[in-house]
1. Once the piece of chain linking E17 and A182 is laid out straight, how much longer is it, given 0.36 nm per residue of separation minus the C-alpha distance between them?
2. Given a cut-off of under 8 Å on Cα pairs at least six residues apart, what relative contact order in percent is computed for the range 6-190?
3. When the chain is fully extended, how far beyond the present Cα-Cα distance does L61 get from A36, taking 0.36 nm per residue of separation?
4. Given axes a ≥ b ≥ c from the Cα gyration tensor, I'd like to know whether the chain is rounded (a/c under 1.5), prolate (a/b larger than b/c) or oblate.
5. What ranking, highest mean first, results for peptides 67-75, 114-122 when packing means the other Cβ atoms within 10 Å averaged over each residue?
6. State, as an integer percentage, the relative contact order of the range 1-70 based on alpha-carbon contacts under 8 Å between residues 6 or more apart.
7. Relative contact order (percent) for the range 125-194, with alpha-carbon contacts under 8 angstrom and 6 or more residues of separation?
8. Pull up the cross-link candidates among the aspartates and glutamates for K129, meaning alpha carbon to alpha carbon under 14 Å and not fewer than 8 places away within one chain.
Amino acid sequence: MNSRPLVLASASPRRVELLRGAGFDFEILVPQVEEAHDATLTPEQLTLENARLKAVAGSRLRPGSLVIGADTLVYVDGEPLGKPGDMDEALAMVRRLSGRAHEVCTGVAFACDGSVERELHVITHVIFKSLTDEVIRDYHSQVNPLDKAGGYGIQGCTETLLHHMTGSFTNVVGLPVEEVSAALTELTAASPAP
């Protein structure tokens, strides 16, 4: 086993909570990066590109550390939905998802000393109930949509939105914990001790 310090390159309280809940001890670091917003890329390509940017930037700030970068986007009709700019945009996003299927893709990159050591992506298929504007506004009064891709957080008031889900629940929250835990176990076992 190695003892490289672990760093999460994210300010997301949900990612922090998920990684801590999985039993990992880590530093939180938020590197300043300009995220890619290229709608011509596939969900996998775009989220992995942004995850790489965060992980590599973080690893340059923390030499010798293993840095995790992640990016989560909601896709509907092949179009990425990021974080809404205001409550009207959040309403429009969830209205667009109402009664329909969409995908949530998270890309995760693991970097050390400026080089990516591993990356992965996870896609979860989600179907929302049919939702009226009144239901959406009530939901948004209980769950802040402005820091969440697609204008919703599946971990809050889940029964209001969710009709069906296939795949990782934690991926929709913001970090596919099982896959990240498995990758960290392999990277730790494969890394030389200092």
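A short reminder: the numbers here are calculations on the coordinates, not readings from a lab. Owing to the predicted nature of the structure, the values given are computational and were not obtained by experimental measurement. Quick reminder, even Gly has a Cβ in these numbers, built from the backbone with ideal geometry, and neighbours come from all protein chains shown.
1. That works out to 57.7 nm of additional length.
2. It comes to 22 percent, rounded to a whole number.
3. 7.0 nm
4. Prolate.
5. By packing density, highest mean first, the sequence is 67-75, 114-122.
6. It comes to 42 percent, rounded to a whole number.
7. 33
8. Once the sequence-local aspartates and glutamates are set aside, what remains near K129 is E159.
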